[in-house]
Amino acid sequence: MSKEYNPKEIESKWQQYWQENNIYQVENQSDKSKYYVLDMFPYPSGAGLHVGHPLGYIATDIFSRYKKMQGFNVLHPMGFDSFGLPAEQYAIETGQHPAITTENNIKTFKNQLSKIGFNYDKNTEIQTSSATYYRWTQWIFGQLFNAYFDKKTQKAEDIDTLIDAFEKNGNQNIDAACDENTPIFSASDWKNKSETEQQEILLYYRLAFIAEATVNWCPALGMVLANDEVKDGLSERGGHPVERKKMKQWMMRITAYADRLLDNLENLDWSDAVKEMQRNWIGKSIGCEIDFNLTPLPPVHLERGNIQTSNQSVYYPNLFTTEPEKWKYLKELARNHRKNSTEAENILWQELRNQKLGFKIRRQHAIEDFIVDFVSLEKKLVIEVDGEYHNEKEQKEYDNFRTWTLQNTSFNEIRFTNDEVLNDLNNVLEKIKNRLKNNNSEITIPSPNGEGAGGKVQKLTAFTTRIDTIFGVSYLVLAPEHEVISSLTTTEQKNEVEKYVTWAKNRSELERQSEVKNVSGVFTGSYAINPFNQEKIPIWIADYVLAGYGTGVVMGVPSSDERDFRFAKHFNLPIRLVIEGTENMENPTEKKYGKMINSEFLNGLDTKEAIQKAIQFVENQEIGQSKVNFRLRDAAFSRQRYWGEPMPIYYKNGMPYLVDESDLPLQLPEITEYKPTADGEPPLARAKNWTYKGYPLETTTMPGWAGSSWYFLRYMDSQNQNTFASKQATDYWNQVDLYVGGTEHAVGHLLYSRFWTNFLADRGFISFQEPFKKMINQGMIQGQSALMYRLKNQNTFISWNLRTNYKEEELQELHVDVNIVENNILNIELFKKWRSENENATFLLEDDKFMCGSQVEKMSKRWYNVVNPDDVIEKYSADTLRLYEMFLGPLEQYKPWSMQGIDGCHKFLKRLWRLFYDNEGNLQISNEEPTPAELKALHKCIKGVREDLDRYSFNTPVSKFMILATELIELKCYKKSILEKFLGVLVPYTPHICEELWQNALGYQSSIYHTEFPTFEEKYLTESEYSYPIQINGKMRGNVTFSLDLSKEEIEKMVVENELVQKYLEGNVPKKVIVVPKKIINVVV
RNA sequence: UGUGAAGUAGACCAGUUGGUUAGGUCGUCAGUCUCAGAAACUGAAUGUCGCGGGUUCGAGUCCUGCUUUCACUUCCA
């Protein structure tokens, strides 16, 4: 019987053979070292696979075969993330149970996979929607419900520990991750609470908890989405608009793990891109919260003067800054003060009097209840000189009270110590001058504090990471949603503010994000006081401030923040430079770090020092504290859906309780319709008797990421009935050694599964914190669409290169099915059949062919560029498909699918076949001893392939196989000892053909899969002689052969004497001779 | 805006710590086979390694500046 390479016959044969012999079966206990390879959990969609899907599976299949042949016990399972939206949507539309659709889809999926030659241990397969699986998803949920996070130990602990602590000491000494509004209570408070009240408190601490939260509600999908499921204000799935809505929700306290999730990234062998995305998503920023007091409305009785400024008349208090009644008493006091003034006061007075600084300064002047040292009534600046006693606590309080009062009267205050005046008078005068110049009292509009919300708002707290720039603050901005807005808006500004807030609130998330560059905002009319220099700064509202981040209040520092800069420019607010070197810059925000200037006690410090010193000041003054902020929010866990895991929760007096472990799984009930109920309840509300022990059960289900957050653990021990996976199994298999999948899960699945794994480790169920040690993100395979032109309104198609003969508006560009185009040449017959209207079309040809154009875009049905792997296998073979997908390029890279190269791979397999069988199909294997040249070619290949695979380079071995085949053909080498090693390195890539040749051509009785991966031996690559390339001045001039036994010096000597070298030397003596053994010789003239 | 990746023949990719005349596949061309074509087989040609500087005996590889492309990200104070 003659033997041809007939893939159809051999491929199905061996697929069956492997299956029957169960050669992929995994032992769960072994003395061998383990290796765990995993593909990202597929969702079995109904659409079937296209050629891009198996890319990662082929790579992992190759890698697990490689590892197995190296003697590892390899776990490489496959299963299905089978809860999900498409099946449910289909159920809503057709009434068919999602379980049935899902089952069918999985069947198709598995069928397609097995055709490619993948084989998985059947016993390990899991499906998230089967009760034997989700029973444990529910159990883990229960563990999360019964746990809280201790911040001191940075670990999750049993909730009972917390209850014990409450009973003994209340919660004063507890440092745990909890709700912001958790009240403080004592042990007796706790004991006096009812059970319901106690449960309510516990919800503030549980890692799985219910809370009123603003969620992303998608009305079209009828469900709540997690932050990572929303893109640009639209749902990731389906692209429906998403709105913010307050709802009671199950949540996961992932924020408790923010620090751990961030720190652990360090040790993961993942791409920098994904790590960076996770870092950004967690968004840790270390900063400082700082209070800004508001300037209140001056008491009415002070308004007795009238000062004419440039163009308007504003009321201000004049000389008489206290009431006549008070003045009677204060007059005496003031006189005494003048008589007994300190040395410092006297020295300063000499410099201030007679308008020496350009303004009239008064001495010992009474304001309200106080007598101030010096004052400029015109600029409303009070100058105080403090004696020693000002450092005492009581005096400090008194001073603060006075400062407050002065601010009430719209006076500003500048204060110096005796020492400063005595030792550094010039500096003091400089500061006073500056303040007199800058104190812009003319525009002062007093804050309405005392009106509106009853004057309760006395301060605003801002969050900043750059407290060092505090002296550059020229305004405050609030988010439009901020609740204090109404109480601090002045009557004059009320209309404008209301208009703006309404406008800003009605803008969709999408608009807000896409119009980043548009500056908008409105002034509230109120002012706050910079606690560092008592300066008065206006308070604005702008939508570039997000209510959900920090405190919703930003201190505007136009000189060092891009957005603040734009804002200040737009609204003409002052820009104060605080960093050295920004003085002459058009945009000072381009230099963000450096030495501080114009910043009083921070001057001269660099950014880091200044931040520390400023935080110290803030904390000493008790006007704020250093604070760490995260962008990460707690994750919404409820879905108003049917096709998901039911929560093992029932309600007693409105409080959630866990279903007993022994009653798990809580089975998904059968219902007749999968839509929400008429009054908006989730579909589970339709279920009959949806109760537990007479209490109502939770009606929302778990999100898609619940099941996929721990599936890699179940694979380790998928049949276990007693636990989610035995400790023995998880200890043995440990982390996933190689995880392959797309980048689209960068912040969703990959963050949640890290969270759950960390949690399970904390609770002692497993002994490692991180699920995936090494990850490779495969690039997408893009489609290559075929394009053609048709004359508008005519049934005439134009071959591609003839299009230039027509005007653009005469032509219509169309996509054509790529499966009927080969090498850009259209198969006209098939095209006519493709669409009935093409039957009678006219074709204008070039060189008797109809050419198409091509374009790379996403592989999608819409563009008719989907290539189905089944078709490729039908036309070529599964081995060809596997080889070619790897050959396309590096795994991580995005690359277009093109049929152009696939021929080459197919030809390679045919050439391989011909090494075993001659043209007539006769076996031509010989048992001769191999020659050194043959061994060298083989071992060069083995070495290369091993090195490539060890660094996860899957495309490069392919070309090494091709080179070896070509070399062996050239050498006419049909020797068994060489060819069997060749099959050994090749079998992970093309298992079918290799198994066939192994058993039927070479005559082995058992599977090639059980052989060892060929090892490389250095001795075949080393030679006794080496033909050295000779360079003269770095240029190649020829080759000279030397024995490898010669020393460098000997070679040097011989090189110079060499004819060839002599020719180029032209009688000169070489300056230098470089000999690199086994590499090169370079002669420098 | 930031982060990451990448520019090597007509196309898609290799090129490991600097070291031979930069490789593989497709395509192109020629030959064998054929009445002819397709297929198959055999062979050949094809490169300013994005641009400019630098380091070195020697640079596709290291450093630096510029430039182009792609992916993800994007008001986080």
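If you go through region A:260-284 and pick out every residue that is modelled with pLDDT of 85 or more and either under 30 Å from residue A:489 (Cα atoms) or not in a helix (DSSP H, G or I) (or both), you end up with 5.
To keep it simple, each residue is scored yes or no on (1) more than 7 Å from RNA strand B (Cβ to nearest atom); (2) open to solvent by less than 30 Å² (accessible area, probe 1.4 Å).
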{"position": "A:878", "(1), (2)": "yes, yes"}
{"position": "A:881", "(1), (2)": "yes, yes"}
{"position": "A:885", "(1), (2)": "yes, yes"}
{"position": "A:889", "(1), (2)": "no, yes"}
{"position": "A:894", "(1), (2)": "no, no"}
{"position": "A:900", "(1), (2)": "no, no"}
{"position": "A:909", "(1), (2)": "yes, yes"}
{"position": "A:913", "(1), (2)": "yes, yes"}
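Checking each residue in region A:686-712 for being farther than 15 Å from residue A:85 by Cα, under 36 Å from the mean Cα position of the chain (by Cα) and open to solvent by 20 Å² or more (accessible area, probe 1.4 Å) picks out only A:699. Listed conditions (1) touching a Ser or Thr at 6+ places or on another chain (Cβ under 7 Å); (2) open to solvent by 10 Å² or more (accessible area, probe 1.4 Å); (3) more than 16 Å from RNA strand B (Cβ to nearest atom) are all met by residue A:716, apart from (2). Remark: pairs (first residue in region A:772-796, closer than 27 Å to residue A:710 by Cβ; second residue among the hydroxyl-bearing types (Ser, Thr, Tyr) and open to solvent by less than 10 Å² (accessible area, probe 1.4 Å); Cβ separation under 7 Å; 6+ apart in sequence or on different chains) = A:772/A:739; A:774/A:739; A:775/A:739. Scanning region A:567-586 for residues that are buried (at least 18 other Cβ atoms within 10 Å of the Cβ) and among the basic types (Lys, Arg) returns a single hit, A:576. Going by the structure shown, is residue A:625 under 34 Å from the mean Cα position of the chain (by Cα) and within 16 Å of RNA strand B (Cβ to nearest atom)? Against the criterion (under 34 Å from the mean Cα position of the chain (by Cα) and within 16 Å of RNA strand B (Cβ to nearest atom)), residue A:625 qualifies. Evaluation of residue A:934 against the conditions (1) touching a Cys at 6+ places or on another chain (Cβ under 6 Å); (2) within 11 Å of RNA strand B (Cβ to nearest atom) shows that the sole unmet condition is (2). In region A:1055-1085, what residues are within 17 Å of residue A:1026 (Cβ to Cβ) and either among the aromatic types (Phe, Trp, Tyr) or loosely packed, with under 13 Cβ neighbours inside 10 Å (or both)? Passing the criteria: A:1076, A:1078, A:1079. Among residues of region A:1044-1073 that are charged (D, E, K, R), those with a Cβ under 9 angstrom from a residue that is in a loop (DSSP other than H, G, I, E, B) and exposed (fewer than 13 other Cβ atoms within 10 Å of the Cβ), sequence gap 6+ or separate chain, pair up as A:1045/A:1024. In this structure, residue A:167 does not qualify as assigned to a strand (DSSP E or B) and in contact with a Phe, Trp or Tyr (Cβ under 7 Å, 6 or more places away or on another chain).
Checked against (1) touching a residue at least 40 places away in the same chain (Cβ under 8 Å); (2) assigned to a loop (DSSP other than H, G, I, E, B), residue A:618 passes all but condition (2).
The values are calculated or read from the model by the stated rules, or taken from the named source; none is laboratory data. Predicted, not measured: the structure shown is a model, and the values here were computed from it. Neighbour counts run over all protein chains shown; Cβ positions are idealised from the backbone, glycine included. Quick note on the areas: whole protein, heavy atoms, side chains included, nothing else; ligands and nucleic acids left out. Shrake-Rupley method; radii C 1.70, N 1.55, O 1.52, S 1.80 Å.
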